[in-house]
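Engineer: My questions will all concern the structure given below.
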Amino acid sequence: MTSQPEPPAAGAGRSTADPAAGDPAAAAVAAADAHGLELVRFLYADHGGIIRGKAATRQFLPERISTGIGHSLAMMAMSMLDSLQPVDGMGPVGEIRLVPDPATLVPLPYAPGAGAMLADQVRPDGSPYEACARTFLKQAIAALAAEGYTMSAAFEPEFTLGRRVPDPVGPDRLEPVDDSLVYSATGFAAAHDYVMDLIAALRAQDLQVEHYYPELGHGQQEVVIRYAPALRAADNHVLYRETVRGVAFRHGLWASLAPKPIPDQAGNGTHLHASLTDIASGQPAFADPAGQFGLSKTGYHFIGGLIAHLPALVALTCGSVNSYRRLQPQFWSSAFIAYGMDNREAPVRICSPLGADPGGINLELKPSDSTANPYLALGALIHAGLDGIQRQLDPGDPVDVDPATLSEAERKAIGARRLPETLTQSLDALEADELLMAALGPLRSTSYLAVKRSEAATFAEHNTAWECFHHFTKF
């Protein structure tokens, strides 16, 4: 990943209409006709981290692009278990609209005759709904631009490929397709047919696939999508999640992006990469060949903001009870607050640039997974990093060892505190974080906390098998 965003690859997938050059809605309708789409899904991510939506028929697509589809304003108070939480202003009275972004239209190769657009949630008068997650990210991007920066970002997901099988003494479980070794040729072979179809389906939606390899866990796969401007990156991750599972279903398989779908196997992370470009100069804002590790003062201040808000930030980037099974010492997922150069046990990693390009330096947030709402996760990362830039926060000294190998006294001396160990602990940290709570706003923060606290309470009443079942079947 470099800090310079590249334009999306030209292709037959996503509409690339420029609103200044024409009518994006008309271009989307024309694209739907060209692909023979009979249904177009208007997709959004809710506070439970679930991708939901409604679909318009081709006959009424032009109208629905303009008016949206009516939707209950209570849905952003729905948990991942379809349990509606009592939040003021999110009851049975009132309506919002799911209004799609026509520039995001794509065909869905795993669902012939269907397409999708990413949708914003708006009030009937056209104003943004205060609980809309995509709007939150747009607002964060605007705040970043006001300081003179744009962001390129990439979600780096892992997932487990397997089969949903009955368990004689409990709920269904996920049985992985193989027991191969990390990066092994056997792993490539076992998942080959599925992966080839997945890559084709992603490319048909103009998602640029950079890398693929079998990962550490049994049946675990990593297919990496190239960086993009921040909003596009989050949109891409929604489409990616849907495509990974949709292609699996057509193969008679099951794919899960849950952090720990199988308790004794390696967890699935979704590392979040980000870099900034200075708008005025067009130059990478994180790069300074004279700086330590080639990172600029702006980059260090950004890290300072991440470190300062990290306990609260993980409530939004690791958004499920299941997430915290993964965030354990020496799991290469990060457990202690620290940063370092290519330190894969630090929550914030300074990544070496590829090749000889110093502008290719970027930051990686490791405590992040696909149970998070990607718009909330990336928007919160922006707000935290921007706070570091504005207040010129010092992140302290980098750590070049695994913090778990240090004594408690040594960790205390370098400020390597333990990250929250449960969803409840991270929610407590979020509720105490004035900056992130203010950025989220009253309705969004109240409903998010209500949804997540309800999930924490419900899963506390059940065993590990029940928890893993409900996560692997929903993410």
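Engineer: Need pairs with beta-carbon distance below 9 Å; first residue farther than 11 Å from Ala32 by Cβ and within region 99-116, second crowded, with 21+ Cβ neighbours inside 10 Å and hydroxyl-bearing (Ser, Thr, Tyr); sequence gap 6+ or separate chains.
Structural biologist: Listed pairs, sorted by first residue: Ala103/Ser15; Thr104/Ser15; Leu108/Thr243; Pro109/Thr243; Tyr110/Thr243.
Engineer: Let me ask you something else. Inspect region 147-158 for any residue being without any contact (Cβ under 8 Å) to a residue 12 or more places away in the chain and open to solvent by 80 Å² or more (accessible area, probe 1.4 Å) and give the result as yes or no.
Structural biologist: no
Engineer: Ok, one more. Pick from region 402-420 the residues that are within 17 Å of Pro311 (Cβ to Cβ) and more than 20 Å from the chain's Cα centre (by Cα): which of them is surrounded by the fewest Cβ atoms within 10 Å (Cβ to Cβ)?
Structural biologist: First, the residues of region 402-420 that are within 17 Å of Pro311 (Cβ to Cβ): 403, 411-412, 414-420.
Restricting the remaining residues to those that are more than 20 Å from the chain's Cα centre (by Cα) gives 403, 411-412, 414-418.
Details: Pro403: 24, Arg411: 19, Lys412: 11, Ile414: 17, Gly415: 14, Ala416: 23, Arg417: 15, Arg418: 15.
Here the residue is Lys412.
Engineer: Open to solvent by 40 Å² or more (accessible area, probe 1.4 Å), over 30 Å from Phe136 (Cα atoms) and not hydrophobic (A, V, I, L, M, F, W, C) - does that describe any residue in region 358-376?
Structural biologist: yes
Engineer: When you check Ala465 against the structure, is it in a helix (DSSP H, G or I), open to solvent by 10 Å² or more (accessible area, probe 1.4 Å), touching a strand residue (DSSP E or B) at 6+ places or on another chain (Cβ under 7 Å) and hydrophobic (A, V, I, L, M, F, W, C), yes or no?
Structural biologist: So Ala465 passes the test.
Engineer: Output the number of the condition that Trp332 fails; it satisfies all remaining conditions of (1) open to solvent by less than 40 Å² (accessible area, probe 1.4 Å); (2) under 29 Å from Gly291 (Cα atoms).
Structural biologist: (1)
Engineer: Out of (1) touching a residue at least 60 places away in the same chain (Cβ under 8 Å); (2) within 30 Å of Glu461 (Cβ to Cβ), the odd one out for Pro92 is which?
Structural biologist: Result: Pro92 fails condition (1) only.
Engineer: Among Pro367, Pro395, which is at pLDDT 95 or above and touching a Cys at 6+ places or on another chain (Cβ under 8 Å)?
Structural biologist: Pro367
Engineer: If Asp167 satisfies all but one of (1) farther than 16 Å from Arg232 by Cα; (2) open to solvent by less than 20 Å² (accessible area, probe 1.4 Å); (3) in contact with a Lys or Arg (Cβ under 9 Å, 6 or more places away or on another chain); (4) not polar (S, T, N, Q), what's the number of the condition it fails?
Structural biologist: Of the numbered conditions (1) farther than 16 Å from Arg232 by Cα; (2) open to solvent by less than 20 Å² (accessible area, probe 1.4 Å); (3) in contact with a Lys or Arg (Cβ under 9 Å, 6 or more places away or on another chain); (4) not polar (S, T, N, Q), the odd one out for Asp167 is (2).
Engineer: Report, by residue number, each residue of region 239-275 that is part of a helix (DSSP H, G or I) and either touching a helix residue (DSSP H, G or I) at 6+ places or on another chain (Cβ under 8 Å) or open to solvent by less than 20 Å² (accessible area, probe 1.4 Å) (or both).
Structural biologist: The answer is Leu239, Tyr240, Arg241, Thr243, Val244, Gly246, Val247, Ala248, Arg250.
The values are calculated or read from the model by the stated rules, or taken from the named source; none is laboratory data. Please read these numbers as outputs of a predicted model, since none were measured by experiment. Because the Cβ atoms are built from the backbone with ideal geometry, glycine has one as well, and the counts that use them run over all protein chains shown. Please note that ligands, DNA and RNA were not included when accessible areas were found on the heavy atoms of the full protein model with its side chains. Shrake-Rupley method; radii C 1.70, N 1.55, O 1.52, S 1.80 Å.
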